[in-house]
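Asks: Submitted below is the structure of interest, expressed as structure tokens.
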Amino acid sequence: MATIAAETEEGSRGRRSFRLSPSAISYLQAMPLIGILAFFFLLPIAMIAVVSFWDYDFAGLYPDFLTMNYTDTLGSWVTWKTYLNTLKFTAIVWGLTLLIGFWVAYFLAFHIRKTSTQMILFLICTVPFMTSNIIRMISWIPVLGRNGLVNSALIKMGIIPQPIEWLLYSDFAVVLAMVHLYTLFMVTPIFNTLMRIDRSLFEAARDAGASGWQVLWNVVIPLAKPGMAIGTIFVVTLVMADFSTVQVMSGGQSASVALMMKNQMSLLQYPAAAANAVVLLAVVLLMVAAILRVVDIRKEL
């Protein structure tokens, strides 16, 4: 009997020795997701970084390790001017989408009482996303064109004697189209944040003698910062990577970094485009890191 008990105890010890710790189980459960991210996210970025050091000519690509593509990119005034133009579009579009998106989200969250009405109005905001970006951009042409709806209406009302030329194929048209395309990416996270605010905080602030604007400035806006930060990340990354809006709405009269990369790829200059992509990725990551340093979005996630 003692021998059987000893063997049983030894077997139980062996079984316990193969038991995984909770942390190891967590890592095993995360392995599929890690594999997917590595294959579809990290591997393409690594390939772009590798190709950015290759040599090329009109005939093909040649694996090498050259810094020529980076020196040509960072040493050109045209490139710096293009980056400044892209940052200009990003700053203007971000400011307008933040202003519009906050007030739309504020109206939906605090002035619409019924949840069903909130959802209906929110879905109405998403209706434009049921069509292609190109179609939505092209729809502005008959509105802003020389003989478009805006110019025709202003001339008929006697406000202007002749059509306004800068409404279309200009930086104004680019910004207008981007605001139209990306405002919803600011509305959604801000609305989600505002809906989580405890309404008793407003009553406490009013009982303390705060006015409506003081409640907005000292209670609503500070608590909405995580949603603003998430919306800012969405808008900044989308604008920095947008080339179709700049190309269509500026009529080829303006430029962006993404449009420059698209032109390089059309000329089969893939290593130069890859170098620009790496630099653009670094700039975007720095901007996102700066946002995360200012606002802690973990409260929203």
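Asks: Consider residue 112 carefully, then state whether it is under 20 Å from residue 123 (Cβ atoms) and without any contact (Cβ under 8 Å) to a residue 60 or more places away in the chain.
Replies: Working: under 20 Å from residue 123 (Cβ atoms): yes; without any contact (Cβ under 8 Å) to a residue 60 or more places away in the chain: yes.
It is true that residue 112 is under 20 Å from residue 123 (Cβ atoms) and without any contact (Cβ under 8 Å) to a residue 60 or more places away in the chain.
Asks: So, residue 282, is that one at negative phi and in contact (Cβ under 8 Å) with a residue 24 or more places away in the chain or not?
Replies: No; evaluated as a whole, the condition is false for this residue.
Asks: Name the residues in segment 203-215 that are out of contact with any helix residue (DSSP H, G or I) (no Cβ under 6 Å at 6 or more places or on another chain) and either surrounded by fewer than 16 Cβ atoms within 10 Å (Cβ to Cβ) or in contact (Cβ under 8 Å) with a residue 12 or more places away in the chain (or both), would you? Walk me through how you get there before you give the answer.
Replies: Residues of segment 203-215 out of contact with any helix residue (DSSP H, G or I) (no Cβ under 6 Å at 6 or more places or on another chain): 203-204, 206-214.
Listed by number, the residues that qualify are 203, 204, 206, 207, 208, 209, 211, 212, 213, 214.
Asks: Here's another thing I want to ask about it. For segment 118-144, which positions are assigned to a helix (DSSP H, G or I), at pLDDT below 85 and not hydrophobic (A, V, I, L, M, F, W, C)?
Replies: 118, 126, 128, 133, 136
Asks: Quickly run through segment 153-165 and pick out the residues that are more than 27 Å from residue 244 (Cβ to Cβ) and either within 30 Å of the chain's Cα centre (by Cα) or in a helix (DSSP H, G or I) (or both). Walk me through how you get there before you give the answer.
Replies: Initial filter on segment 153-165 (more than 27 Å from residue 244 (Cβ to Cβ)): 153-162.
Result: 153, 154, 155, 156.
Asks: Looking at segment 107-138, which of its residues are loosely packed, with under 13 Cβ neighbours inside 10 Å and over 25 Å from residue 248 (Cβ atoms)?
Replies: First pass over segment 107-138, keeping only residues loosely packed, with under 13 Cβ neighbours inside 10 Å: 111, 113-117, 119-120, 123-124, 126-127, 129-132, 134-135.
Of everything in segment 107-138, those that are loosely packed, with under 13 Cβ neighbours inside 10 Å and over 25 Å from residue 248 (Cβ atoms) turn out to be 111, 113, 114, 115, 116, 117, 119, 120, 123, 124.
Asks: Continuing with the same structure: Looking at 275, 255, 208, 204, can you tell me which residue is of a type in the set (Gly, Ala, Ser) and modelled with pLDDT of 90 or more? Walk me through it before giving the result.
Replies: Details: 255 fails: modelled with pLDDT of 90 or more; 208 fails: modelled with pLDDT of 90 or more; 204 fails: modelled with pLDDT of 90 or more.
275 is the lone residue from the list that is of a type in the set (Gly, Ala, Ser) and modelled with pLDDT of 90 or more.
Asks: Just to be sure before I move on: is residue 100 closer than 13 Å to residue 181 by Cβ and hydrophobic (A, V, I, L, M, F, W, C) in the structure I sent?
Replies: Numbers: closer than 13 Å to residue 181 by Cβ: yes; hydrophobic (A, V, I, L, M, F, W, C): yes.
Taking the combined requirement at face value, the residue satisfies it.
Asks: Could you grab me the full set of residues in segment 43-97 that are of a type in the set (S, T, N, Q), over 30 Å from residue 187 (Cβ atoms) and assigned to a helix (DSSP H, G or I)? I'd like the intermediate steps shown before the answer.
Replies: Filtering segment 43-97 for residues of a type in the set (S, T, N, Q) gives 52, 67, 69, 71, 73, 76, 79, 82, 85-86, 90, 97.
Subsequent filtering for residues that are over 30 Å from residue 187 (Cβ atoms) retains 52, 67, 69, 71, 73, 76, 79.
Listed by number, the residues that qualify are 69, 71, 73, 79.
Asks: Within segment 149-158, is even one residue surrounded by 13 or more Cβ atoms within 10 Å (Cβ to Cβ), within 25 Å of residue 255 (Cα to Cα) and modelled with pLDDT of 80 or more? Walk me through how you get there before you give the answer.
Replies: Of segment 149-158, the ones surrounded by 13 or more Cβ atoms within 10 Å (Cβ to Cβ) are 150-152, 154-155.
Narrowing further to those that are within 25 Å of residue 255 (Cα to Cα): none.
No - not one qualifying residue is present in segment 149-158.
Asks: While we're on this one: Could you list, in sequence order, all residues of segment 89-106 that are without any contact (Cβ under 8 Å) to a residue 40 or more places away in the chain and either more than 25 Å from residue 195 (Cα to Cα) or surrounded by 15 or more Cβ atoms within 10 Å (Cβ to Cβ) (or both)?
Replies: If we filter segment 89-106 for residues that are without any contact (Cβ under 8 Å) to a residue 40 or more places away in the chain, which is where we start, we get 91, 95, 99, 103.
Result: 91, single match.
Asks: Answer yes or no: is there a residue in segment 38-54 that is modelled with pLDDT under 85 and at negative phi. Steps first, please.
Replies: Step one: filter segment 38-54 for residues modelled with pLDDT under 85, giving none.
The answer is no, given that none of the residues of segment 38-54 is modelled with pLDDT under 85 and at negative phi.
Asks: I need the full set of residues from segment 94-139 which are small (Gly, Ala, Ser) and farther than 21 Å from residue 216 by Cβ, in order please. I'd like the intermediate steps shown before the answer.
Replies: Here is the first cut: in segment 94-139, the residues small (Gly, Ala, Ser) are 95, 101, 105, 109, 116, 132, 139.
Passing the criteria: 116, 132, 139.
The values are calculated or read from the model by the stated rules, or taken from the named source; none is laboratory data. As the structure is a prediction and not an experimental result, all values here were calculated from the model. Backbone-built Cβ (ideal geometry, glycine too); neighbour counts: all protein chains shown.
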